[in-house]
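What follows is a set of notes on a single structure, which appears directly below.
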Amino acid sequence: MLFSQSKYPAVHGSTRLTMTEFRFSFFILLLFIGGCKSGNSGVPVIGFADAFEDNTIAQAKVGFFDALKKEGFSEEQKTIQVVYRNAQGDIPKLTLAIKYFISQKVTLIAANSSLSTITAIQNTKDIPIFMMVAPEPSLMNVTDAQGNGPANLFGVGESLGYIDTSFSLMPKLLTPKSGRLKVGMLYNQSEPQSGLALKRIQGLAATLNVDLVALPVNNSADVKLVTASLLSKNIDAFFANPDNTIFSSFETIVQSCNAAGVPVFTSEAGLVSRGAVAAYGADIYQWGYQAGVQAAQMLKNKSTNGLHWEMVQVRRRVFNAEAAKRFNITIPAGFDAVK
């Protein structure tokens, strides 16, 4: 609460501050506190950016810091400082967060999801960026004419190849209501990887004799209405593709599909515990852990020499036993049950 001059008038000869003096003193105090936090400790500073609030994406953050801690870097040990920002799905807020990291001269930026990664790339060419839960650079349209990603981009990316295995599950496990199997999906036109995933899935659907119904969404606010429109087209299943809007609105999608008797399949292993029937895809925790191992190597060596972005290493075949039972679907061998 700010003090008012009219309520606390200056008294001649006393030590009471005027409003101008108070504000100036408060400003100096803030500068001192800020300087003490980021500039004088001598330990590496990590700027961690989440694009939005999401239980699945959050697993990558846990994995990232677990890997750092195993290598001796944690706030508890006072061997790193962490500046954390979550943009809550607001792109201008995400941009401000990245610019704040840059102004604080953080040692590295940890970018969780493609939106965070792209925003970081757009704003700095110098600070090392360690991506996670993001596609490979070519899918984010951040490569140069020779196909190379930014020189300051590290961490872990993913291709679209794993989608084939997940999408191909549906014709094997489901009986169409009539004629050919009809699968519905949503995609965000503003997300490069979402559009590319749509093209890949369209090709897969043709080869698998599946009818695909795809509708665009612009943001999370549109998801419930567009999902209802999709369900009205008598689809046999919903396929959740790699899309930030899908991640952040997944509970809405599952609730609507369950009410309509439509099973949800996905290429994202992390979405199975949230209600999808089955998936083959990257383990989100391990994705973040793999990026954290890279970041720890940089902190140890105080250099990015020898580092480059890597393809995700750990993928899982998982299923949700409750969802499978709900739709009377028998899951093949080789899939692990998740809670």
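Taking into account only those residues within the stretch 270-279 that are touching a helix residue (DSSP H, G or I) at 6+ places or on another chain (Cβ under 7 Å) and buried (at least 23 other Cβ atoms within 10 Å of the Cβ), which is farthest from S74 (Cα to Cα)?
Among those residues, the one meeting the criterion is V277.
With the requirement that a residue be among the aromatic types (F, W, Y) and part of a loop (DSSP other than H, G, I, E, B), what does the stretch 39-55 give you?
F52
In this structure, is S178 at pLDDT below 90 and not β-branched (V, I, T)?
yes
Working carefully through the options K199, K233, find the one that is among the basic types (K, R) and at pLDDT 95 or above.
Selected residue: K233, the only one of K199, K233 that is among the basic types (K, R) and at pLDDT 95 or above.
Any residue that is outside any helix (DSSP H, G or I) and modelled with pLDDT of 95 or more - is there at least one of those in the stretch 56-65?
no
Would you mind telling me which numbered condition in (1) buried (at least 16 other Cβ atoms within 10 Å of the Cβ); (2) touching a helix residue (DSSP H, G or I) at 6+ places or on another chain (Cβ under 7 Å); (3) more than 22 Å from I118 (Cα to Cα) L215 fails?
Of (1) buried (at least 16 other Cβ atoms within 10 Å of the Cβ); (2) touching a helix residue (DSSP H, G or I) at 6+ places or on another chain (Cβ under 7 Å); (3) more than 22 Å from I118 (Cα to Cα), only one is false for L215: (1).
When you look at A333, is it modelled with pLDDT under 95 and not assigned by TED's automatic domain parsing to the domain that holds F73, yes or no?
Considered against the rule, which asks whether it is modelled with pLDDT under 95 and not assigned by TED's automatic domain parsing to the domain that holds F73, A333 comes out as yes.
Residue by residue through the stretch 41-69, note down the ones that are over 24 Å from A269 (Cα atoms) and in contact (Cβ under 8 Å) with a residue 60 or more places away in the chain.
P44, V45, I46, G47
Being buried (at least 16 other Cβ atoms within 10 Å of the Cβ) and among the β-branched types (V, I, T) is the filter here; which residues of the stretch 187-212 pass it?
Matches in the stretch 187-212: I201, V210.
Just to be sure, is L215 touching a residue at least 40 places away in the same chain (Cβ under 8 Å) and more than 20 Å from N55 (Cα to Cα)?
When the stated conditions are applied, L215 does not pass them.
Go through A151, A97 for me and flag whichever is within 20 Å of the chain's Cα centre (by Cα) and either at pLDDT 95 or above or closer than 18 Å to A51 by Cα (or both).
The unique qualifying residue is A97.
Quick one: in the stretch 231-250, of everything that is among the hydroxyl-bearing types (S, T, Y) and in a loop (DSSP other than H, G, I, E, B), which residue is surrounded by the fewest Cβ atoms within 10 Å (Cβ to Cβ)?
S232
Could you please let me know if F52 is among the aromatic types (F, W, Y), modelled with pLDDT under 95 and touching a helix residue (DSSP H, G or I) at 6+ places or on another chain (Cβ under 8 Å)?
In short, yes.
Starting from the stretch 312-334, take each residue that is within 30 Å of E136 (Cα to Cα) and list its partners that are among the basic types (K, R) and part of a strand (DSSP E or B), counting only C-beta distances under 6 angstrom and pairs at least six apart or across chains.
G334/R317
The values are calculated or read from the model by the stated rules, or taken from the named source; none is laboratory data. The structure presented is a predicted model; accordingly, all values stated were derived computationally and were not measured. Reconstructed Cβ throughout: ideal geometry from the backbone, glycine too, with neighbour counts over all protein chains shown.
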